[in-house]
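Participant: Quick one: this structure, given as structure tokens, is what I'll be asking you about.
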Amino acid sequence: METPRETSAPPSDREPHKTPNLAGSSPRRGRSSLADSSGTGRRGDAIFKFASSGSGILLLVIMAAIAAFLTVRAISAISADHGNFLTTSDWQTQADPITFGIAAIATGTIVSAVVAMVIAVPVALGIALFISHYAPRRIAQALGYVVDLLAAVPSIVFGLWGALFLVPHMLGVNAWLNQYFGWTYVFHQNEPGTQPRSLFTVGVVLAIMILPIITAVSREIFLQVPRAHEEAALALGATRWEMIRTAVIPFGRSGIISASMLGLGRALGETMAVATVLSPSYVINLHILDPAGSTIAQTIASQFGESQGTGRDALIAAGLVLFVITLVVNGGARMIIARRKEYSGADA
Amino acid sequence: MSSLATSSRSLGSSLTERRLPRWMPVANLALAALIAIALGAGFGFSSKLQWCLIGAILFVAIQYTASALVEGRRHAKNTVATSLVWVAFLLALLPLISVLWMTISKGIGVINADFLTHSMNGVAINQDGGGLYHALIGTLEQVALASLFAAPVGILTAVYLVEYGRGNRLGKAISFFVDVMTGVPSIVAGLFILSFWIIILNMPFTGFAGAMALAILMLPVVVRSTEEMLKLVPNELREASLALGVPKWLTITRVVLPTALGGIVTGVMLAVARIVGETAPILMLVFGADTINYNPFSNPQSSLPLYVWTEYGKGTDQSQARAWGGALVLIAVVMVLNLVARGLARWKAPKGLSR
Amino acid sequence: MKLQRNGRTKALAIGALAVVSSLTLAACGSDNNSSSNSSSSPAAAGSSAASASSIACNGATGQLLAAGSTAQQNAMTQWVKDFQAACSGVTINYQGTGSGAGITSFQTGKVAFAGSDAAMKAADVAKTQGTACQNGGKGINIPMIGGPIAIGYNLPGVTNLVLDAKTLAQIFTGKITKWDDPAIKALNSSANLPSLPIQTFHRSDGSGTTANFTAYLAAAAPADYTFAPNKLWQAKGGQAAAGSAGLAAQVKQVQGSISYFELSYATQQSISTVQVNTGASAPVAVSTAAASKAVGDAKVVGTAPDLALDLKAAYTTKTDGAYPIVLVTYEIACDKGNAASTLPTLKSFLTYISSTAGQNSVSSLGYFPLPAALQTQVQQTISSLS
């Protein structure tokens, strides 16, 4: 019964016999072309290449400027810090010996983002597959639009919805998780019955917020899977699920990871929704159902208004840490993509 | 696609295998819902959320068992996957409906012609009336300015990454930093523009300053999604075009970009949806205003999310109603922009390629 | 194909509709909210004539930016409305960005004045010299309006809860955890207190309200509240929410909760408020009049023209009918060297809001006027601004 998977060769296996990269070598080819004899082709090429690489470089310059700005301000803040910037949990920038550290807020950021990704990525892929391969064709486009609608809901509205609607409704879920999964440590509640304005609830809200991004990008990718691959799999007797596993998922893997990274970026940096839903405190608490913990972006947002001078710089230092976290996470994701052979139309 | 799948399935069933009847999922769904309601009521779970979750899990379990008994393991797996995909979709609809319902039920009361065409100039907090026209104008202008910068730069960067920079060092660097850029929180982008533009260059608070921060937030989303779409354009198209002697830049602008247009537009709209709801950089850079200011290059403006935030924070019944009304308008604005963009994409897309 | 063409036409039609409607929208926006129908405008003008007569525009013109404290934002909205109605051609734009951000904007010369819930520190004053304030001027604190901080609670069946500074401090620091604690029972002998856990809520964002509430706890119950007053909540435990609106929403939602916010939030959401036992003959309920009474005891500690206040006397007041948990919010402007373009508007606006008419116009919003003696000093200071 394993035959279908064996024979419907996953696209990633096609990689070894690589065709010459036309995209890269085309300028040389273009020289002998007819259009080029007029001369417009080469000049157009040069201009276009200049514009596109210029855009890329502009982007790098912006990033460098942001990084430099963050670093300069962060250094001045960290040198005024009376605690250890990496291991202190507390964030007292208004007190007299200024003491602050990222231990609690960095942990909270990662925990909430992990919860969000664990919930959002499978659901988003499910929705994307539903729209691309399961839903009746006539309504698929409308459904795609419905999901895009989720992206249209601004983060404040999600925040208010989370605080006013979701939090009361999470009470039961929390109690249930605490009762049956309290032994996992993560789902243990120190004070059962408190409002579930916790990192877990924040994770759920973030998951809903990043769903449309991940869904929309993966949906577009699933729609681009060469029909020949899918038909080949089905013709060999694969069920629809086997076809998806052997033809669709391998084709879209790099895209799925990219889409998830987009979602993760938003989950890590989300401000207003977290600030509205979470009951923050500057302690490391891995019991994710407790109303405790805080995230970097939320800390920046809720303290910015009353911060001046060093206090403001300390918040910028926190921003730098968020920057570094994103850098590390993306670096990791990149390594995963690079290890698996990439498949793309422009590469094969 | 799905027509092919169904036809192949019906073919298979008529020839060889035993299959579940077509009404089975519906029946199972009803069964699962019944049990979930019974359990929920029996154990007294207060939250309907739990009822739905229990129902979803039961549905998948029943589907698997039924399919495994009748059709065998492979088909059982397929059935589970199908059920899960359906469940995922329905699960995503729940919060959407809930959010929309909350926004509409709380916000529809204040929406009228006056609300849409008046500013908040001279409206006391405990007074009815006032509107969000100034915020609407501000949002539209700031987002338009941001898109004018971020969309072309983003798309060109993606073109560079896919068509020119594959594998070279600059390409890799750009690609990596685009990912990092997605993690720049809005407030940090705001702080950056605040320091450089407002404080160091000593520029006043304007809509344009906010638009610059929004552009920074928009850029990585545009690049990433466009890049993924360009990668998926089959090489056969490029080769065919190049083989006909079309210069590369024309190949890109006439063949590659139009082919990927649907996806690119989706990406740009996602980016717009992301920035349209930003509050923090607007508060820092655009300052906010209660009066109409059409000129984003001088004097403060307002914006819809900022309007929602400040009106909600005022705490009176009237201002909170205005806040929900603002949220509703904000959602509607993004929806309309989305529709327009999709319409344009479909209009411009090459025929026969759409699926 | 035919179907697709239809879809395209439809999409185009929707797009065209959107463009047309947005163009129509652009044509009919209006800043005029004075009245919804023109027939009532003479009446409105008549009713505001009293306040209009006290507004001297004195060359006020153009746009004036100000930013800072959210606690005075609601009062500002009212003042701006009345002032703009009296002086045509003036736009005053006050944004509640938070006191710290407001002061920073003021120091960099971006706003004409800042609103702050606490007097500026010496270091901050130094940063105003030569930047925001030219000609050797410096930023000064001008107290402008007071507001009581209400302690709101949600305890079904208990309407007249009485607490004192000591129990408040113990509740907010987590030493008292149940509503039927003996200490609370002792103050409420007649009330039927449930055995619910107390859920305290504090501000998650930096806030002048927190600074004033903790200053009260530190002054009135130094043995039980050992932290220094701070804009950020210092004590461990408890839950947090963003903004006074967020706190009020939580108290409304959660049984057994207690929190602090400006009086207007309690009135608007009809949240029960604590009566404070100050040691006076009877517990004092929160009201603008009672709070105003307490601030009468406050002393000016700033050196003229700076009018920074010391509210310690108000926090520890034992006067009958004086409510001790108060907040006085300041405007911060330059004594000399204000920007010439906005100086007339600044002076005339501040003169109006410190006038008796201006001070009384916001009393229904949960604010109380400055004591008469202080008000005179404030008005002298404002008239000397240059």
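The values are calculated or read from the model by the stated rules, or taken from the named source; none is laboratory data. Treat the numbers as computed from the prediction; the structure is a model and nothing was measured. Note that each Cβ is placed from the backbone with ideal geometry, even for glycine, and that neighbours are counted across all protein chains shown. Accessible surface is based on the protein model in full, side chains and every heavy atom, while ligands, DNA and RNA are left aside. Shrake-Rupley method; radii C 1.70, N 1.55, O 1.52, S 1.80 Å.
Participant: Could you list all residues from region B:160-207 that are more than 21 Å from A:I57 (Cα to Cα), more than 10 Å from chain A (Cβ to nearest Cβ) and either in contact with a strand residue (DSSP E or B) (Cβ under 9 Å, 6 or more places away or on another chain) or of a type outside the set (A, V, I, L, M, F, W, C) (or both)?
Facilitator: The answer is B:N202, B:P204, B:F205, B:T206, B:G207.
Participant: Looking at the structure I just gave you, is A:V202 assigned to a helix (DSSP H, G or I), open to solvent by less than 10 Å² (accessible area, probe 1.4 Å) and at pLDDT 90 or above?
Facilitator: It is true that A:V202 is assigned to a helix (DSSP H, G or I), open to solvent by less than 10 Å² (accessible area, probe 1.4 Å) and at pLDDT 90 or above.
Participant: What pairs come out if I take residues in region C:257-281 that are closer than 19 Å to C:L217 by Cα and touching a residue at least 40 places away in the same chain (Cβ under 8 Å) and pair them with residues that are among the small types (G, A, S) and part of a helix (DSSP H, G or I) whose C-beta lies under 6 Å away, six or more apart or interchain?
Facilitator: The qualifying pairs are C:F261/C:S244; C:F261/C:A248; C:E262/C:S244; C:T273/C:A266.
Residue by residue, here is whether (1) touching a residue at least 40 places away in the same chain (Cβ under 8 Å); (2) of a type in the set (A, V, I, L, M); (3) assigned to a strand (DSSP E or B) holds:
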residue	(1), (2), (3)
C:I145	yes, yes, yes
C:T159	yes, no, no
C:I171	yes, yes, no
C:G174	yes, no, no
C:K185	no, no, no
C:S190	no, no, no
C:L193	no, yes, no
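Participant: Just to be sure before I move on: is B:A211 more than 8 Å from chain A (Cβ to nearest Cβ), part of a helix (DSSP H, G or I) and within 24 Å of A:V329 (Cβ to Cβ) in the structure I sent?
Facilitator: In short, no.
Participant: Scan region A:123-162 for residues that are assigned to a helix (DSSP H, G or I), farther than 26 Å from B:L337 by Cβ and either in contact with a Lys or Arg (Cβ under 6 Å, 6 or more places away or on another chain) or within 7 Å of another protein chain (Cβ to nearest Cβ) (or both) and jot them down.
Facilitator: Scanning region A:123-162 gives A:G126, A:L129, A:H133, A:Y134.
Participant: Could you grab me the full set of residues in region C:249-303 that are in contact with a strand residue (DSSP E or B) (Cβ under 9 Å, 6 or more places away or on another chain), open to solvent by 40 Å² or more (accessible area, probe 1.4 Å) and over 24 Å from C:D320 (Cα atoms)?
Facilitator: If the condition is that a residue be in contact with a strand residue (DSSP E or B) (Cβ under 9 Å, 6 or more places away or on another chain), open to solvent by 40 Å² or more (accessible area, probe 1.4 Å) and over 24 Å from C:D320 (Cα atoms), then C:K252, C:Q253, C:Q255, C:V301 are the ones that fit.
Participant: Going by what's in this entry, would B:F287 be described as closer than 24 Å to C:G62 by Cα and at the interface with another protein chain (Cβ under 8 Å from one of its Cβ atoms)?
Facilitator: Yes, satisfied.
Participant: Kindly evaluate B:E227 against the criterion of being more than 7 Å from chain A (Cβ to nearest Cβ) and of a type in the set (D, E).
Facilitator: Yes: the conditions hold for B:E227.
Participant: If you check every pair at least six apart or on different chains, which have Cβ atoms under 8 Å apart with a residue in region A:226-240 that is under 23 Å from B:G72 (Cα atoms) first and a residue that is among the charged types (D, E, K, R) second?
Facilitator: Once the first residue is under 23 Å from B:G72 (Cα atoms) and sits in region A:226-240, its partners that are among the charged types (D, E, K, R) give A:A233/A:E242; A:L234/A:R240; A:A238/A:R5; A:T239/B:R74; A:T239/B:K77; A:R240/B:R9.
Participant: Could you list all residues from region B:176-198 that are touching a residue at least 12 places away in the same chain (Cβ under 8 Å) and over 22 Å from the mean Cα position of the chain (by Cα)?
Facilitator: Of everything in region B:176-198, those that are touching a residue at least 12 places away in the same chain (Cβ under 8 Å) and over 22 Å from the mean Cα position of the chain (by Cα) turn out to be B:L191, B:F192, B:I193, B:L194, B:W197, B:I198.
Participant: Collect the residues in region A:132-154 that are farther than 21 Å from B:I104 by Cα and open to solvent by 10 Å² or more (accessible area, probe 1.4 Å), keeping them in residue-number order.
Facilitator: Listed by number, the residues that qualify are A:S132, A:Y134, A:P136, A:R137, A:R138, A:I139, A:A140, A:Q141.
Participant: Mind telling me which of the residues C:Q63, C:Q78 ends up being surrounded by fewer than 24 Cβ atoms within 10 Å (Cβ to Cβ) and in a helix (DSSP H, G or I)? Reasoning before the result, please.
Facilitator: Values: C:Q63 fails: in a helix (DSSP H, G or I).
Step by step, each of C:Q63, C:Q78 is checked, and only C:Q78 is surrounded by fewer than 24 Cβ atoms within 10 Å (Cβ to Cβ) and in a helix (DSSP H, G or I).
Participant: Filter region B:140-159 down to the residues that are within 8 Å of chain A (Cβ to nearest Cβ) and not β-branched (V, I, T) and list them by number.
Facilitator: Passing the criteria: B:P152, B:G154, B:L156.
Participant: Determine which single condition B:M335 fails, assuming it passes every other condition in (1) at the interface with chain A (Cβ under 8 Å from one of its Cβ atoms); (2) buried (at least 24 other Cβ atoms within 10 Å of the Cβ).
Facilitator: Failing condition for B:M335: (2).
Participant: Of all the residues that make up region B:119-139, how many are touching a strand residue (DSSP E or B) at 6+ places or on another chain (Cβ under 9 Å), of a type in the set (G, A, S) and either within 7 Å of another protein chain (Cβ to nearest Cβ) or open to solvent by 10 Å² or more (accessible area, probe 1.4 Å) (or both)?
Facilitator: Residues flagged as touching a strand residue (DSSP E or B) at 6+ places or on another chain (Cβ under 9 Å), of a type in the set (G, A, S) and either within 7 Å of another protein chain (Cβ to nearest Cβ) or open to solvent by 10 Å² or more (accessible area, probe 1.4 Å) (or both) within region B:119-139 amount to 3.
Participant: Take A:I75 and decide whether it is open to solvent by 20 Å² or more (accessible area, probe 1.4 Å), touching a helix residue (DSSP H, G or I) at 6+ places or on another chain (Cβ under 9 Å) and in a helix (DSSP H, G or I).
Facilitator: Taking the combined requirement at face value, the residue satisfies it.
Participant: So which residues in region A:214-234 are more than 9 Å from chain B (Cβ to nearest Cβ) and among the aliphatic types (A, V, I, L, M)?
Facilitator: Answer for region A:214-234, where residues must be more than 9 Å from chain B (Cβ to nearest Cβ) and among the aliphatic types (A, V, I, L, M): A:I214, A:A228, A:A232, A:A233.
Participant: Here's a follow-up. How many residues are assigned to a helix (DSSP H, G or I), of a type outside the set (K, R) and farther than 22 Å from C:T77 by Cβ when one looks only at region C:97-143?
Facilitator: Number of matching residues: 8.
Participant: Give the residues of region B:152-192 that are of a type in the set (S, T, N, Q) and assigned to a helix (DSSP H, G or I), sorted by residue number.
Facilitator: Those that are of a type in the set (S, T, N, Q) and assigned to a helix (DSSP H, G or I): B:T157, B:S175, B:T182, B:S186.
Participant: Can you find a residue that is out of contact with any Gly (no Cβ under 8 Å at 6 or more places or on another chain), closer than 29 Å to A:R43 by Cβ, facing chain A (nearest Cβ under 8 Å) and open to solvent by 10 Å² or more (accessible area, probe 1.4 Å) anywhere in region B:261-283?
Facilitator: Checked against the condition, which is being out of contact with any Gly (no Cβ under 8 Å at 6 or more places or on another chain), closer than 29 Å to A:R43 by Cβ, facing chain A (nearest Cβ under 8 Å) and open to solvent by 10 Å² or more (accessible area, probe 1.4 Å), region B:261-283 yields no hits at all.
Participant: Among (1) within 11 Å of chain B (Cβ to nearest Cβ); (2) outside any helix (DSSP H, G or I); (3) among the small types (G, A, S), where does A:G193 come up short?
Facilitator: (1)
Participant: For the subset of region B:80-97 comprising residues that are more than 7 Å from chain A (Cβ to nearest Cβ) and open to solvent by 20 Å² or more (accessible area, probe 1.4 Å), which member is farthest from the chain's Cα centre (by Cα)?
Facilitator: If we take residues in region B:80-97 being more than 7 Å from chain A (Cβ to nearest Cβ) and open to solvent by 20 Å² or more (accessible area, probe 1.4 Å), then B:V80 is farthest from the chain's Cα centre (by Cα).
Participant: Go through region C:81-107 residue by residue and tally those that are more than 11 Å from chain A (Cβ to nearest Cβ) and open to solvent by 20 Å² or more (accessible area, probe 1.4 Å). Spell out how you get there, then give the answer.
Facilitator: Residues of region C:81-107 that are more than 11 Å from chain A (Cβ to nearest Cβ), as a first pass: C:81-94.
This time we only want the ones that are open to solvent by 20 Å² or more (accessible area, probe 1.4 Å), so: C:81-82, C:84-86, C:88-89, C:91.
Summing the residues that are more than 11 Å from chain A (Cβ to nearest Cβ) and open to solvent by 20 Å² or more (accessible area, probe 1.4 Å) in region C:81-107 gives 8.
Participant: Moving on. Out of (1) open to solvent by 40 Å² or more (accessible area, probe 1.4 Å); (2) within 14 Å of another protein chain (Cβ to nearest Cβ), what's the single condition that is false for C:Q129?
Facilitator: Here C:Q129 clears every test but (2).
Participant: Against the conditions (1) open to solvent by 10 Å² or more (accessible area, probe 1.4 Å); (2) in contact with a strand residue (DSSP E or B) (Cβ under 9 Å, 6 or more places away or on another chain), where does A:Q179 fall short? Just the number, please.
Facilitator: (2)
Participant: If you don't mind, there's one more thing I want to ask. Across region B:243-259, what is the number of residues that are surrounded by fewer than 23 Cβ atoms within 10 Å (Cβ to Cβ) and either hydrophobic (A, V, I, L, M, F, W, C) or within 7 Å of chain A (Cβ to nearest Cβ) (or both)?
Facilitator: Residues meeting the conditions: 7.
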